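Below is one structure, written out as structure tokens, with a few remarks after it.
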There are 2 protein chains.
Amino acid sequence: MRSSPSIKQVAAAAGVSVGTVSNVLNKPDVVAEATRLRVNAVIAQLGFVRNESARQLRAGSSRAVGLLVIDAANPFFADVARGVEDAVQQVGGVVLLGNSAGDGERERRYLELFEQQRVRGVLIAPTGDQNPPLESLTRLGIPVVFVDRYPEDLAYSSVSVDDVAGGRLAASHLVETGHRRIAFVGGPSSLRQVRDRKQGAEEVVGATQDGILLVISTPALTTAAGRMAADEIATLDDRQRPTAVFAANDLIAIGLLSGLAAHGLRVPEDVAIVGYDDIEFAEAAAVPLSSVRQPRIELGRCAAELLFTQIRALEAHRPVQLEQVRFDCNLVVRRSSAPTAGRAGAASPATRL
Amino acid sequence: MRSSPSIKQVAAAAGVSVGTVSNVLNKPDVVAEATRLRVNAVIAQLGFVRNESARQLRAGSSRAVGLLVIDAANPFFADVARGVEDAVQQVGGVVLLGNSAGDGERERRYLELFEQQRVRGVLIAPTGDQNPPLESLTRLGIPVVFVDRYPEDLAYSSVSVDDVAGGRLAASHLVETGHRRIAFVGGPSSLRQVRDRKQGAEEVVGATQDGILLVISTPALTTAAGRMAADEIATLDDRQRPTAVFAANDLIAIGLLSGLAAHGLRVPEDVAIVGYDDIEFAEAAAVPLSSVRQPRIELGRCAAELLFTQIRALEAHRPVQLEQVRFDCNLVVRRSSAPTAGRAGAASPATRL
DNA sequence: CCGTCCGAATGAAACGTGTCAACTTTTTCG
DNA sequence: CGAAAAAGTTGACACGTTTCATTCGGACGG
């Protein structure tokens, strides 16, 4: 057999009209029990599968929500996606997951796809510097919510974490434990997350008398990039080398960890490290990683909720209320940034483990 | 504005017929240049976005491929997904990613969704013991390829790795480095991957004179489950405790690692560990993890290719050739299973590091 | 000048579903 | 028992696109 029977064939086989079959499918309570059972039996027997395209064409709305992330392989976004999926499943929807891989072109292609599919709404972690092309979506009446990014023009709802504060948190910790030569490792700087975290660190380090912040740019937020950055750090002579690194991302941090180890540099004795995101693997890393924790799953779930309220408002023809939700982040200190004997922590009373 | 103009409105605005607009969209070369430019201008000006549902309804085929994995948060499957996505993108398709989370019910729901969407094909890493309900798909003429699972009835194409061999590889290594009390940690046993890996280990351990394989079942292949298994191992007294563990999965292995450390047990001195998958984080783990490496991305890419050949065959009304591709796996030895002084490795000449 | 052929454009017919006013049957109640 | 209300069912139309047989207007060859 090649294709599913249509509603019409089901109707014929069950001896009812197409309208009745449609009702069995969508409003089972308005059709008499006997009829409903008979139709359902025929449906099962014929192996009928409703054609979602036709449904959508007629009904004018899909059940899908588009989610576009920067890096689907990053456990941080995997967790965000899980939060989104949980929330969307609960209301009977489905998630179309796109991976822009930090590439504006791929981002654009996915958005176009979402438009053509007439998704109910879009959740996006934008990759580029300025907003991606979303006008077309809004013209179609498709609401958009930013994830992990605060839209400076406030034209969209958003769920985010204050990355500048996170950067400050990480840098303060390093400064307080006695570090003065600190490096920031991350990139590309087209990512706002990266810029904000760096800025936070700059503020803190700049406020010290003698602190200095080196910046090592990477092409992406991956372990491979972290390993390359480690090579760079290792080539510096002892006086130039930072005693601590703030990585824009746990993947970078983990790459640094193994890269530095390969060069015979110890963490935290020679170089302390603080990462960002507190992904599951941070705790289990070669040296348990200090990291700025974000509520990953909650971030996704909340973004989905925000999207739902917008969708409901649109459907009820009520005015759409934009909303900016900011979650708190907090620092989880582990061994990778533990104070060591050689470098007394100014603000930490206990200097040895 | 609320909804995109239809092809009809574009046609009216451009002073042509709908058929011509459709041609501009799909066969630009059959329409005169002047007309084409004019129509394209109108499309841009009106912000027309093609309705994919309508296209699909009429054309009868979608451009989507369904991918259903057991755990989207597992970096192994994230990499498989990347391989799939690469291949699908190349031919202008899109991927619908589903996460069964090891739950047969969710698996069923996603398959139903894929059917309703009339996806072009389905790639599935089945969760349950027997085959998931795929008859409906084949009835619809939607080809299915198994990923990371060999279908014993050979009713579907598949891309997999010989997990029994992988299990033997891991266990042999442990036996050769002198271990006799070995534990297998993993579950649920409804997963064939788990059963096969265990079987491979059993074969090897059973072939020794004095070897013994403990089995510790876990509810899932997650770090949390690994940590719980570590608790169990830690409560055993020294004589009962295995000197080595073969984890069904790197996530389990990483969980074990941190769990054992929390109980003061050293890896590999007290307990050696070998994992499975060789995910990116295995190398960077607290103790670099020995692991059975699978070609993750290649697995996904190959599965997609297999699916494409089936789709092409179906479209050309040629008979479909099923194909079973098996990739090799190999063992990557790192510190977590390095031989230690206390336990001379029978087959390894150097017993100390 | 006629017949042919060719590129270009047309317009109507599907595709499978949801909707809804209209119709029929059954139930209720005075 | 009959009228009115309720419950159940019908059938035609619309959604936006693709497809394809048809038409149109010229160019070309004889």
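The values are calculated or read from the model by the stated rules, or taken from the named source; none is laboratory data. Predicted, not measured: the structure shown is a model, and the values here were computed from it. Note: ideal-geometry Cβ built from the backbone for every residue, glycine included; neighbour counts use all protein chains shown. Note: areas computed on protein heavy atoms with side chains; ligands, DNA, RNA excluded. Shrake-Rupley method; radii C 1.70, N 1.55, O 1.52, S 1.80 Å.
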Practice prompt. Between the chain alone and the structure with every protein chain in place, find the residues of region A:232-256 that drop at least 20 Å² of accessible area; heavy atoms, 1.4 Å probe.
Written response: A:Ile254
Worksheet entry | For region A:145-263, convex hull of alpha carbons as volume per residue, Å³ | 97 Å³
Worksheet item: Using a 1.4 Å probe, how large is the accessible area of A:Lys27, given in Å² and rounded to the nearest 10?
Response: 110 Å²
Worksheet item: B plus A alone minus the pair: what accessible area, both sides summed, probe 1.4 Å, in Å² to 100?
Response: 4500 Å²
Fill in: region A:7-50 - percent relative contact order, Cα under 8 Å, separation 6 or more
42 percent
Response to the item:
Quick note, region A:1-83: a/c under 1.5 would make it rounded; otherwise a/b > b/c is prolate and the rest oblate (a ≥ b ≥ c, C-alpha gyration tensor); here it is prolate
Worksheet item: More than 14 Å apart: what percent of Cα pairs in region B:238-302 qualify?
Response: 55 percent
Worksheet item: Where the only charges are on Cβ atoms (+1 Lys, Arg; -1 Asp, Glu), what is the dipole of region A:58-105 about its Cα centre, to the nearest 20 debye?
Response: 340 debye
Practice prompt. Work out the FRET efficiency for A:Arg109 and B:Ser61 from their Cβ-Cβ distance, taking R0 = 25 Å, and round it to the nearest 0.05.
Written response: 0.80
Discussion item. Ignoring solvent entirely, what values of log10 I(q)/I(0) come out of the Debye formula for region A:109-206 at 0.24 Å⁻¹ when each Cα is a single scatterer?
Written reply: -1.19
Practice prompt. Quantify, in whole percent, the carbon and sulfur part of the accessible surface of region B:7-50 (1.4 Å probe; protein heavy atoms only).
Written response: 54 percent
Fill in: Probe 1.4 Å, accessible area per residue of chain A, Å²
42 Å²
Practice prompt. Report the convex hull volume per residue for region B:7-50, counting only C-alpha atoms, in Å³.
Written response: 56 Å³
Discussion item. For B:Ile212, place a label point 7 Å from Cα along the Cα-to-Cβ direction in every copy; what are the distances to the other copies, in nm, shortest first?
Written reply: 6.2
Worksheet entry | Rounded accessible area of A:Tyr156 (nearest 10 Å², 1.4 Å probe) | 30 Å²
Discussion item. Defining a contact as two alpha carbons under 8 Å apart and six or more residues distant in sequence, what relative contact order in percent does chain B show?
Written reply: 16 percent
Fill in: Teacher prompt: A:Ser136 distances to equivalent labels in other copies, 7 Å Cα→Cβ, nm
3.3
Fill in: Loop-resident sites, region A:1-61, for trypsin sites (Lys or Arg not before Pro), counting at most 14 other Cβ within 10 Å (DSSP)
A:Arg2
Item to complete: With N denoting the number of residues in region B:228-272, provide Rg(C-alpha) divided by 2.2 N^0.38 Å, to two decimal places.
Response: 1.00
Worksheet, complete the sentence: Net charge (Lys, Arg +1; Asp, Glu -1) of residues whose beta-carbon lies under 9 Å from that of A:Ile297, A:Ile297 excluded, is 0
Worksheet item: Assuming a viscosity of 1.306 mPa s and a temperature of 10 °C, what translational diffusion coefficient in µm² per second does Stokes-Einstein assign to region B:1-148, Rh being the Kirkwood radius over Cα pairs?
Response: 90 µm²/s
Item to complete: Rounded to the nearest 10 degrees, what's the angle between the helix B:104-116 long axis and the longest principal axis of chain B, both from Cα atoms, 0 to 90?
Response: 20 degrees
Practice prompt. Note the distances from B:His263 to each other copy's matching label point, with points 7 Å along the Cα-to-beta-carbon direction, in nm, sorted shortest first.
Written response: 3.8
Worksheet entry | Ordering of B:18-24, A:207-213 by burial proxy (mean other Cβ atoms within 10 Å per residue, highest first) | B:18-24, A:207-213
Item to complete: Take the Cβ-Cβ distance between B:Gln90 and B:Thr235 as r, set R0 to 60 Å, and report the resulting FRET efficiency rounded to the nearest 0.05.
Response: 0.70
Worksheet item: Quick one: Debye curve from the C-alpha atoms of chain B, no solvent, what's log10 I(q)/I(0) at q = 0.06, 0.08, 0.16 Å⁻¹?
Response: -0.32, -0.50, -1.25
Item to complete: Take the Cα atoms of the protein assembly as shown, find their three principal axes, and give me the spread along each one in whole Å, biggest first.
Response: 79, 69, 50
Worksheet entry | Calculated FRET value between A:Glu33 and B:Ala12, using beta carbons and R₀ = 60 Å, to 0.05 | 0.80
